[in-house]
Amino acid sequence: MATTTRRSRSARRSPGFDALRIAFMALFLLFVLLPLYWMVITSIKPTSDYLVVPPVWFPAQPTIVHYTAALFSYRGLQALVNSLIIASASTVLSTIFGTMMAYSLARFNTGGQHLAFWVLSQRFLPPVAVILPIFLLFRSWHLYDTHVGLILAYTFMTLPLTVWMMYAYFRQLPKSLEEAALVDGLSRWQSLWMIAVPLAAPGIVAAAVFAFIAVWTEFFFALILTSRYAFTLPTVFRAFLGFQGAQYGEACALATTSLVPSIILGMLVQRHLVRGLTLGAIRG
Amino acid sequence: MSSTADSLRRSPLSQWAERHFKWLIVAPAVLLILALSIYPLLFSLWVDFVNYDFEIPGHDFVGLLNFTTVATDPIAQSALLLTVAFSVVNVTIEFLLGLGLALAMVKTFRGRGVVMSILIIPLFISPVIVGQSWALFLQRPFGPADYILGLLLGRPVEISWLSDAPWYYVAIVIADVWQWTPFMFVILLAGLAAIPAHLYEAAELDGLSTLKTFFYITIPQLGPIIVLAVTFRLLDAVRLFDVIFMMTGGGPGTATYTLSYYLYQIGFQQFHLSVATAGSWIFLILLSIVIMTLVRRLLKAEKT
């Protein structure tokens, strides 16, 4: 939890150094914002503004026609609904399973360090190494191109994240309240549900949000495991590959629609970002 | 420990559930991982040594044929090389830029919160969208990139970013760096903020120059965090797929095939499932060697 103190060295630094610092930050901000701005602005540009030189940085007549086209002609709406269902369901499952497992690891050292690291190793398994057998498995179990199948795959995919974030969180929570609850006659299940979970609520919310974002933005599993029915938002962008039909506006409208929810959610858990990115290894 | 009086009042089922509590609560997660990771891996071990191909019927035992097929495929070899090259270049650039940003941002200033919020945006965006928006930004004649470069250089620039060598490599690196520099930045910033202030005060008393302070205090103190950030990032960098899929589709030809993209092509476009599986096992073994080396480094760094 070391975020407060900052040193006074900078007073000694030359103004030249400060100018360099500000220039570097400004350039990088520009680098981050330019392609995003171009995308958002293209989503409201009329078609006639696409190929104009010099480029149109703000359209004289903004339009929303690309949004309606992207949602209704490119099945964007169905993808949006699918993504919402699949991301929500797998987030809920992954958070529940992950929190339970993390609690057992943190409080009882279940399976020693091996079990915990076995879960972590799943995070570093390249999806391409397991996707082929999963694909064959899903076809024989009739899970291919179904919501249930993708929900299971994503729950599996996000488990290392939720388990390890909550593992780190539970280890820093004191045991004493749960022990007191056991003495008072609560079962272990009750003390998990009524004592530990409410205490860990901020951590659980953060883990859930990171899991949701991970699923919301995932492409590879969805590409392989779905086709016409359970497809998610990221897979729809295939329709615009190569831009032969010059569907720039539709592509950008769909991208803008997709990134708004995940950016908003991300900002809400910004405080937990370091824990989320390092699976709890660094507290931030 | 629950009191005996209480456990006597409970039904046999809840007593059983209480006794096996710690295993029951790990069961759902463990079963799911077994079903979707361990079972597929074991199954794919069998697929490695038989013919499993949508073009050729039957599952005859073929020995090591699948492995030799993939290992001698020149496209696979160049994909491996390109994956290594991309990983090294991307992670190095992301580390240097991320460290620079973290150093620039470690001191508080007005508007720091807003700058922070903007810098981390790429982390919440699907790589597919990152690939698409950079393709749109760079691609001639639609994207403004060549126009902006023309203004800066004072002469017309006509680069086809996604089809001219070596620019398609540059375009992919730009997209990856755009998305993942914030990852390095956020972690390194947390590491910088955790360095005890008294170390800097001591350095100042000793009259160490800014450069010396950086190399004798900042970098050693940051060491374990750097190893951790690079390890995490590297293990994701080697799977590079989405950006390739959206920006170049592996092209022109097979020039931008990475390992993941190659295996996807072999397995899911040409349906040589057993060859792709053998390839993914080779990938997995190579990756385990990298992981073991890095983790050993990581544990060593943590001890010091």
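The values are calculated or read from the model by the stated rules, or taken from the named source; none is laboratory data. Keep in mind that this is a model prediction, so the values were computed, not measured. Here Cβ is always computed from backbone atoms with ideal geometry, including for glycine, and neighbour counts include all displayed protein chains.
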Restricting segment A:249-284 to residues that are surrounded by fewer than 19 Cβ atoms within 10 Å (Cβ to Cβ) and of a type in the set (D, E, K, R), the one farthest from the chain's Cα centre (by Cα) turns out to be A:283
Here the residues within segment B:163-191 that are in contact with a Gly (Cβ under 9 Å, 6 or more places away or on another chain) and over 26 Å from residue B:95 (Cβ atoms) are B:163
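Here is a check on your reading of the model: is residue A:197 surrounded by fewer than 21 Cβ atoms within 10 Å (Cβ to Cβ) and closer than 25 Å to residue B:125 by Cβ? Lay out the reasoning, then the answer.
Numbers: surrounded by fewer than 21 Cβ atoms within 10 Å (Cβ to Cβ): yes; closer than 25 Å to residue B:125 by Cβ: no.
When the stated conditions are applied, residue A:197 does not pass them.
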Considering residues that are free of Cβ contacts under 8 Å to residues at least 60 places away in the same chain and either touching a strand residue (DSSP E or B) at 6+ places or on another chain (Cβ under 9 Å) or closer than 18 Å to residue A:26 by Cβ (or both), the number found within segment B:97-132 is 14
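Kindly state which helices (runs of 4 or more DSSP H) lie completely within segment B:7-88 and contain at least 1 residues that are crowded, with 18+ Cβ neighbours inside 10 Å and either within 30 Å of the chain's Cα centre (by Cα) or at pLDDT 90 or above (or both).
B:21-24, B:27-33, B:39-48, B:65-71
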Residue A:246 vs (1) touching a residue at least 12 places away in the same chain (Cβ under 8 Å); (2) in a helix (DSSP H, G or I); (3) surrounded by fewer than 22 Cβ atoms within 10 Å (Cβ to Cβ): all pass except (2)
Over segment A:44-54, the set of residues within 35 Å of the chain's Cα centre (by Cα), free of Cβ contacts under 8 Å to residues at least 12 places away in the same chain and assigned to a loop (DSSP other than H, G, I, E, B) is A:51
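Yes or no: residue A:193 free of Cβ contacts under 8 Å to residues at least 24 places away in the same chain, in a helix (DSSP H, G or I) and more than 30 Å from residue B:54 (Cβ to Cβ)? Give the derivation first.
Values: free of Cβ contacts under 8 Å to residues at least 24 places away in the same chain: yes; in a helix (DSSP H, G or I): yes; more than 30 Å from residue B:54 (Cβ to Cβ): yes.
Here the answer is yes, as residue A:193 does meet what is asked.
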Expected single match for crowded, with 18+ Cβ neighbours inside 10 Å and within 14 Å of another protein chain (Cβ to nearest Cβ) among B:114, B:130, B:91 is B:130
Among the residues of segment B:133-170, the number that are assigned to a helix (DSSP H, G or I), free of Cβ contacts under 8 Å to residues at least 12 places away in the same chain and at the interface with chain A (Cβ under 7 Å from one of its Cβ atoms) is 4
Selection status of residue B:287, at the interface with chain A (Cβ under 10 Å from one of its Cβ atoms) and more than 18 Å from the chain's Cα centre (by Cα):
no
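At least 3 residues that are at pLDDT below 90 in each: list the helices (runs of 4 or more DSSP H) lying fully within segment B:197-258 that qualify.
The helices (runs of 4 or more DSSP H) meeting that bar are B:197-205, B:210-213, B:219-237.
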Residue B:42 passes all but one of the listed conditions (1) farther than 20 Å from residue A:131 by Cβ; (2) at the interface with chain A (Cβ under 10 Å from one of its Cβ atoms); the exception is number (1)
For residue A:227, the lone unmet condition from (1) within 12 Å of another protein chain (Cβ to nearest Cβ); (2) closer than 25 Å to residue A:126 by Cβ; (3) not in a loop (DSSP other than H, G, I, E, B) is (3)
